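Accompanying notes for the structure given below.
Since every read-out is calculated from the coordinates, none of them should be taken as a lab result. In this text, all values refer to a predicted model and were calculated from it rather than measured experimentally. Glycine also receives a Cβ, built like all others from the backbone with ideal geometry; neighbour counts cover every protein chain displayed.
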């Protein structure tokens, strides 16, 4: 049975004034005279509305929200007091001039602003140096406040519906697409927004995520290096296909769940029927890898050091050749931040030296991928606390054997593994 999620309030409430003040301070510290924010998730984070707007933030002055369309909705939804109807950069330039700002560094989200808008900004602000302010805002967004953590917890709790739906639905002859439809229906009725926000311009994901089975599990297609599925056509080469399940198949689901704008990110692997000894062995290894990475997450450590720990343990366990990929194509990460977008900083990867902090919420996702067996994948979400981290969600962290008649058994115990982490990773 589908159970709608209870979020308490109809709409979440955030301290937008504090968020705007935080960004203004960061801009001033970097010598940026003003910032113009237009990306929908950034707008919502700072102002409380995701209507199409340009938000002008000037250190030491009140912000102004320029509504490109639907000004009445923006005015009703936004925490910014000064909302004006305008789609013109000229009006922004005029406001800057009225505040005595005729030159300096002007921040834009240059990681996502389309080239046409960037060229328009060059014409509208010829005396300003256009600089990227996205990193400042993403670093601020990386540390969640209690209201955000509550919404992320609600999103994480919805994965239990996904698990329940798959246990009931996985059976011989059913297709990946049929299971995807089951999952999407359950999630939408529970409050899933039906879209997954991603910052990359070339990224997309179905609302039920990526479902793949059997030999298709080893195909990495269409986006980041992961268990992607192959999709229905070459036009969308990821997600569920028309493949029908057979006894002995492995099936993986990896999805983002968007409740009130905040994304959980979970993955599980299921085996239809009696698991082989090899599947049981791989399930135990993936659980050991996830335990080690989660055990290393705490404030003060670097994101890269957690990745190195995962790689070292994979080598120690003899699975380095299939860890996070195969055939020389391996995803350089063991996790990432989540929030208003599915993939946020920091990345638990080799080049991200971000120091982890309490309040960060991360998805941890070790996986083994090979044409020899397909894929075995676990992904869970955690919030960092002063003492370490806390798991979100309550589906056991295991590969599951499904009997095809609505019952499932975990292949690994839910108690944390006692496997020691490698000495070189601890160092």
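Between 0 and 90 degrees, rounded to the nearest ten: what's the tilt of helix 303-316 against the longest Cα principal axis of the chain?
Approximately 10 degrees, to the nearest 10.
Which of these values of Cα extents along the principal axes in Å was calculated from the structure shown: (1) 73, 49, 45; (2) 72, 47, 40; (3) 65, 51, 47?
The listed entry that was calculated here is (2).
Taking the chain as a Gaussian network, where each spring joins two C-alpha atoms under 10 Å apart, which residue of 193, 93, 218 fluctuates the most?
93
Can you tell me how much longer the chain between residue 139 and residue 278 gets when fully stretched, taken as 0.36 nm per residue apart minus their C-alpha distance, in nm with one decimal?
45.9 nm
Using alpha carbons only, how many degrees (0 to 90, rounded to 10) separate the axis of helix 146-157 from the longest principal axis of the chain?
So the inclination is approximately 30 degrees.
Would you mind telling me the antiparallel percentage of the DSSP bridges in the chain, rounded to 5?
Details: 51 of 67 bridges.
Antiparallel: roughly 75 percent of the beta bridges in the chain.
Tilt of helix 277-296 relative to the longest C-alpha principal axis of the chain, in degrees (0 to 90, nearest 10)?
That helix lies at roughly 30 degrees to the long axis.
Going by average Cβ density within 10 Å per residue, which order do the peptides 121-127, 321-327, 294-300, 343-349 take, highest to lowest?
Going from most to least packed, we get 343-349, 321-327, 294-300, 121-127.
Counting pairs of alpha carbon atoms under 8 Å apart in space and at least six apart in sequence, what relative contact order in percent does the chain give? Write out the running numbers ahead of the final one.
Values: 945 pairs, mean separation 62.7, N = 427.
15 percent.
Report the Cα centroid-to-centroid distance between region 97-167 and region 294-372 in angstrom, as an integer.
Centre-to-centre (Cα) distance: 23 Å.
Take each of the peptides 24-36, 53-65, average the number of other beta-carbon atoms within 10 Å over its residues, and list them starting from the highest.
Ranking the peptides 24-36, 53-65 by packing returns 53-65, 24-36.
How long are the three semi-axes of the equivalent ellipsoid of region 319-389, in whole Å, if each is the root of 5 times an eigenvalue of the C-alpha gyration tensor, listed from largest down?
26, 12, 10
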